[in-house]
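**Student:** First the structure, which I've put down as structure tokens, then a few questions once you've had a look.
The values are calculated or read from the model by the stated rules, or taken from the named source; none is laboratory data. All of these numbers come straight from a predicted model, not from anything done at the bench. Here the Cβ positions follow ideal geometry from the backbone for every residue, glycine too, while neighbour counts run over all protein chains shown. Quick note on the areas: whole protein, heavy atoms, side chains included, nothing else; ligands and nucleic acids left out. Shrake-Rupley method; radii C 1.70, N 1.55, O 1.52, S 1.80 Å.
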Amino acid sequence: MQKQTAKFLINGKSYELVIEPNITLLELLREELGLTGTKYGCGIGQCGSCTVLVDCKPTLSCLTLAVTGQNRSILTIEGLSEGNILHPIQKAFVDHGAIQCGFCTPGMIMTAKALLDKNYLPTKEEVKVALSGNLCRCTGYVKIIDAVLAAAEMIRKGDKLE
Amino acid sequence: MLKQLKPFEYIEPRTIEETLKVLYKYGAKAKVLAGGTDLLVPMRRRELNPQYIVYIGNISVLNYIKYDQKNNLRIGALTTHQSIVDSALIRDKFGLLATACAKIGGFQIRTMGTIGGNICMAGPSQDSVPSLLVLDAKLKLMSIRGARIVPVDEFFVAPFQTVLNETELLTEIQMPTPPPKSAGCYRWLTKITKIDETLVGVAVLMTVDSNKKVCEDAKIGLCSIAPTPIRAKKAEELLRGETIKEKLMQKAAEVAAAETSPRSRAEYRRRVTMALVRRAISEVWNKLTATI
């Protein structure tokens, strides 16, 4: 199996790495780059905790070969805040008690971002559909949905975008 | 923690032609990778260990939704489920296909997964297939020897087996516009599991005459009730040429249920098939004969 050099653009930063084709994007982020915000939950695409944005699309990094993530713009949870300034979605999750153990949170937030980038006025039903691929074992989802709707309103009112 | 994927050789062709050459060279040793939502799961579990992975995800010429009066609808095999859901054209003229694709997986799976991959996986419960069956879809299969067109209802052989041979690539899904005064729907019930696999899926497409009295044509597509998705042709016959009343809907639903051959929980699935077919026919007939 041949190693190859691959170029990645992750959270606005360029990386040139030598990788084997059989590693997933999740393994690349966590083990090669130490970006452990993205979580390994099930490894087979059922829990959503590995969700990152690839070219703005919500993507299960456990089902993505790292080599196919080349030459694409990748955003992880680490790339969402600007220094200490939280993104409105992150702020809404904190304010609304949408975080208990926190394991599902990065995946939930990245999926929510993908939703709100596409639809800035989602209904509750649309939020539920968008988050249907992200499982939470703690909260019962109510506060997560509230947080996403609140974030949508913050973003509409012109709070920090991107 | 699951183990790392087993090693393989990675090939990324840039064009359809290059892909076909690679598939001809490696045949059964190679697996085509697009969205990865169906392929990487058995690879992660080490149930599937291809020697060669042929990644076609960057071949953007395979990602399209085209429509014209002459050629009707043509969907490129790399079109994602979410693109189909978002397509105003498909929602307008081929609405049941959009409904079916909206049911698949979750938001991420729909964004990553492609219709071509869904069809080629050929599981008995692939949600997109009943709609393709009733819409008379045809599949374009290409190899270095040329192309052939296979109707969807001739594509599936057995669970996870199709007529696609190891050197071929599915490139396009084609379907004609339903006749005027047609309507359809897709209904389903899921198993209660992590990923809500379809327990029974029913697609119905019907056409009514200009007086909105007589059913000129009816098609019923079913999934997850037989080794492959099927058309309930005997039930369809009952409906054609008739003015559809409650009793006939019930009879057609019973006949459709009897046409199934479920592997597990057979009696329950037949019961569910009957209920869903009856409801689907009712929904579509009401749409067609509405006076408002």
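**Student:** Among the residues of the stretch A:112-159 satisfying the criterion of being more than 25 Å from A:Ser61 (Cβ to Cβ) and touching a residue at least 40 places away in the same chain (Cβ under 8 Å), which is surrounded by the fewest Cβ atoms within 10 Å (Cβ to Cβ)?
**Tutor:** A:Asp159
**Student:** Which condition breaks for B:Val204 when tested against (1) within 27 Å of B:Pro50 (Cα to Cα); (2) crowded, with 23+ Cβ neighbours inside 10 Å?
**Tutor:** (1)
**Student:** Out of the stretch B:176-216, which residues are basic (Lys, Arg) and on the phi > 0 side of the Ramachandran plot?
**Tutor:** Here is the first cut: in the stretch B:176-216, the ones basic (Lys, Arg) are B:181, B:187, B:191, B:194, B:212-213.
If the condition is that a residue be basic (Lys, Arg) and on the phi > 0 side of the Ramachandran plot, then B:Lys181, B:Lys212 are the ones that fit.
**Student:** Could you grab me the full set of residues in the stretch B:136-157 that are open to solvent by 20 Å² or more (accessible area, probe 1.4 Å) and either under 30 Å from B:Val284 (Cβ atoms) or assigned to a loop (DSSP other than H, G, I, E, B) (or both)?
**Tutor:** Within the stretch B:136-157, the subset open to solvent by 20 Å² or more (accessible area, probe 1.4 Å) is B:136, B:138, B:140, B:142, B:144-149, B:151, B:153-154, B:156-157.
Selection gives B:Asp136, B:Lys138, B:Lys140, B:Ile144, B:Arg145, B:Ile149, B:Pro151, B:Asp153, B:Glu154, B:Phe156, B:Val157.
**Student:** Oh, and also: Hey, could you check the stretch B:14-32 for residues that are farther than 15 Å from B:Asn49 by Cα and buried (at least 18 other Cβ atoms within 10 Å of the Cβ) and say which is farthest from the other protein chains (Cβ to nearest Cβ)? First the steps, then the outcome.
**Tutor:** Restricting attention to the stretch B:14-32, the residues satisfying the condition of being farther than 15 Å from B:Asn49 by Cα are B:14-25.
Within this subset, residues satisfying the condition of being buried (at least 18 other Cβ atoms within 10 Å of the Cβ) are B:19-20, B:22-23.
On the way: B:Thr19: 15, B:Leu20: 20, B:Val22: 15, B:Leu23: 18 Å.
Result: B:Leu20.
**Student:** Quick one: which residue in B:Leu133, B:Leu170 is crowded, with 22+ Cβ neighbours inside 10 Å, more than 14 Å from chain A (Cβ to nearest Cβ) and over 30 Å from A:Cys47 (Cβ atoms)? Step through it out loud before you land on a result.
**Tutor:** Details: B:Leu170 fails: over 30 Å from A:Cys47 (Cβ atoms).
Criteria check complete, one pass: B:Leu133.
**Student:** So B:Ala122 fits all but one of (1) open to solvent by 10 Å² or more (accessible area, probe 1.4 Å); (2) at positive phi; what number is the exception?
**Tutor:** Result: B:Ala122 fails condition (1) only.
**Student:** Among the candidates B:Ala218, B:Ala280, B:Ala235, single out the residue that is part of a helix (DSSP H, G or I), in contact with an Asp or Glu (Cβ under 8 Å, 6 or more places away or on another chain) and surrounded by 14 or more Cβ atoms within 10 Å (Cβ to Cβ). Full working, then the answer.
**Tutor:** Numbers: B:Ala218 fails: part of a helix (DSSP H, G or I); B:Ala280 fails: in contact with an Asp or Glu (Cβ under 8 Å, 6 or more places away or on another chain).
Residue meeting the stated conditions: B:Ala235.
**Student:** Of the conditions (1) modelled with pLDDT under 95; (2) out of contact with any Leu (no Cβ under 8 Å at 6 or more places or on another chain); (3) open to solvent by 30 Å² or more (accessible area, probe 1.4 Å), B:Asp209 satisfies every one except a single condition; which number is it?
**Tutor:** (3)
**Student:** Given the residues B:Leu48, B:Leu96, B:Leu89, B:Leu73, which is the only one that is touching a Pro at 6+ places or on another chain (Cβ under 9 Å), away from every other protein chain (no Cβ under 12 Å) and free of Cβ contacts under 8 Å to residues at least 40 places away in the same chain?
**Tutor:** On the way: B:Leu96 fails: free of Cβ contacts under 8 Å to residues at least 40 places away in the same chain; B:Leu89 fails: touching a Pro at 6+ places or on another chain (Cβ under 9 Å); B:Leu73 fails: free of Cβ contacts under 8 Å to residues at least 40 places away in the same chain.
Residue meeting the stated conditions: B:Leu48.
**Student:** Okay, moving on. Out of everything in the stretch B:184-201 that is of a type in the set (D, E, K, R) and assigned to a loop (DSSP other than H, G, I, E, B), what residue ends up being most open to solvent (accessible area, probe 1.4 Å)? Walk me through it before giving the result.
**Tutor:** The initial filter retains those residues of the stretch B:184-201 that are of a type in the set (D, E, K, R), namely B:187, B:191, B:194, B:196-197.
Narrowing further to those that are assigned to a loop (DSSP other than H, G, I, E, B): B:191, B:194, B:196-197.
Working: B:Lys191: 54, B:Lys194: 144, B:Asp196: 70, B:Glu197: 65 Å².
Looking at residues that are of a type in the set (D, E, K, R) and assigned to a loop (DSSP other than H, G, I, E, B), I get B:Lys194.
**Student:** Here's a follow-up. Looking at B:Ser83, B:Ser60, which is the one that is out of contact with any Gly (no Cβ under 8 Å at 6 or more places or on another chain), within 19 Å of B:Gly113 (Cβ to Cβ), buried (at least 19 other Cβ atoms within 10 Å of the Cβ) and without any contact (Cβ under 8 Å) to a residue 24 or more places away in the chain? Don't jump to the end; show me each part of the working.
**Tutor:** Working: B:Ser60 fails: buried (at least 19 other Cβ atoms within 10 Å of the Cβ).
Answer to the check: B:Ser83.
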